[in-house]
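Novice: One structure coming up, written as structure tokens, with questions to follow.
The values are calculated or read from the model by the stated rules, or taken from the named source; none is laboratory data. Please read all numbers here as calculations on a predicted model, not as lab measurements. Quick reminder, even Gly has a Cβ in these numbers, built from the backbone with ideal geometry, and neighbours come from all protein chains shown. For accessibility, only protein heavy atoms count, side chains too; no ligands or nucleic acids. Shrake-Rupley method; radii C 1.70, N 1.55, O 1.52, S 1.80 Å.
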Amino acid sequence: MNSFLPELSNVYFNYLLLSSVLFCIGVIGVIIRKNIIIIFMSIELMLNAVNLLLVNFSNMHNDPNGQVFVFFIMVVAAAEVTVGLAILVMVYRNTGSVNIDSLKNLKG
Amino acid sequence: MEQLLFIILSVISVAAALCVIFVRNPIYSVLSLVITFFSIAGHYILLKAQFLAIVNIIVYAGAIMVLFLFVIMLLNLNNTENQEKRSFISKAIAVVAGGLLLVSLVGLLKGSALHPTIQNGMSSDDIGTVQTLGKVLFTDFVLPFEISSVLFLSAIIGAVMLGKKDLKDH
């Protein structure tokens, strides 16, 4: 186990561990929930985990480009949430539910 | 001191993130997600990225989460009785899959955290300031910046078109 985990005093490794944990929580949320809103929120959680990792690497290498990338990821996340929630409202209007199992028309 | 702050903020963010996916009521999920975003902003401050901390609070906690709350209240979804039922087996399988993904991610990425500080002559204190980021954003990344404005325009138009009552009445 000691060869798998480097020393825990390395602050960059701690941030790597934290953002991996947050990303996996987001993945588990996407898998186990059926409410579309919760799935969207889990995707936001994954995006934030990646942002945290990018800021960590930017701090580690003394390079501001990583933080600019985080800025662009936030832009894309905002646009994605806008369109996604509009689609969600439309789905709710058409099917009367936000359960993801109600979207089974493509199933043969 | 910094280590202590890191541990406190990490515990808050992981606990709130677990609340997001395991709480039944969607309103509580949104509020836990706001707590997660605030703690991540605290992490940004610890990592000397002050500009991104403020932008994170404004954009995520301020705009995106208000949008989520607004949609939940608009659609009146905060009743918990018509909730999903997943079997315990599939939940357990999902948690095991997530844990395996965690192990493989850490194993894949751990080497990159062991060789820090490629020096490029910049002080680590001022890479996160508005001045430095603005200079980089408007010199090296000016084309993606403009393209993202087009992206926003198309997102606005898409949201308006999708939100219309009936697409055929115009």
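Novice: Say we look at the range A:45-63 and pick out the residues that are under 8 Å from the mean Cα position of the chain (by Cα) and more than 7 Å from chain B (Cβ to nearest Cβ); which of these is surrounded by the most Cβ atoms within 10 Å (Cβ to Cβ)?
Specialist: A:49
Novice: Right, next: Which residues, taken from the range B:134-159, are open to solvent by less than 30 Å² (accessible area, probe 1.4 Å) and more than 25 Å from residue B:50 (Cβ to Cβ)?
Specialist: Matches in the range B:134-159: B:155, B:158, B:159.
Novice: Right, another one. List the helices (runs of 4 or more DSSP H) inside the range B:1-118, counting only whole elements, that have at least 2 residues being closer than 20 Å to residue A:15 by Cβ and either modelled with pLDDT of 85 or more or open to solvent by 50 Å² or more (accessible area, probe 1.4 Å) (or both).
Specialist: Output list reads B:2-22, B:26-46, B:50-56, B:88-109.
Novice: Further, regarding this structure: Given the criteria more than 7 Å from every other protein chain (Cβ to nearest Cβ), modelled with pLDDT of 90 or more and farther than 27 Å from residue B:19 by Cβ, does residue A:40 qualify?
Specialist: no
Novice: Going by the conditions given, is residue A:7 within 29 Å of residue B:50 (Cα to Cα), modelled with pLDDT of 90 or more and charged (D, E, K, R)?
Specialist: no
Novice: Can you run down the residue pairs with Cβ atoms below 7 Å, 6 or more apart or on separate chains, where the first is in the range A:95-108 and assigned to a helix (DSSP H, G or I) and the partner is among the small types (Gly, Ala, Ser)?
Specialist: That search, which allows pairs on different chains as well, returns A:95/A:102.
Novice: Given the conditions (1) farther than 27 Å from residue A:60 by Cα; (2) in contact with a helix residue (DSSP H, G or I) (Cβ under 6 Å, 6 or more places away or on another chain), and given that residue B:66 satisfies all but one, which numbered condition is not satisfied?
Specialist: Single failed check for residue B:66: (2).
Novice: Looking at this structure, is residue A:96 touching a helix residue (DSSP H, G or I) at 6+ places or on another chain (Cβ under 9 Å), open to solvent by 20 Å² or more (accessible area, probe 1.4 Å) and more than 7 Å from chain B (Cβ to nearest Cβ)?
Specialist: When the stated conditions are applied, residue A:96 passes them.
Novice: Turning to a different aspect of this structure: Within the range A:57-84, which residues are at pLDDT 90 or above and more than 20 Å from residue B:140 (Cα to Cα)?
Specialist: A:77, A:78, A:79, A:80, A:81, A:82, A:83, A:84
Novice: So for the range A:20-27 (the condition being under 25 Å from residue B:101 (Cα atoms), modelled with pLDDT under 90 and within 18 Å of the chain's Cα centre (by Cα)), does at least one residue qualify?
Specialist: For the range A:20-27, residues under 25 Å from residue B:101 (Cα atoms), modelled with pLDDT under 90 and within 18 Å of the chain's Cα centre (by Cα): absent.
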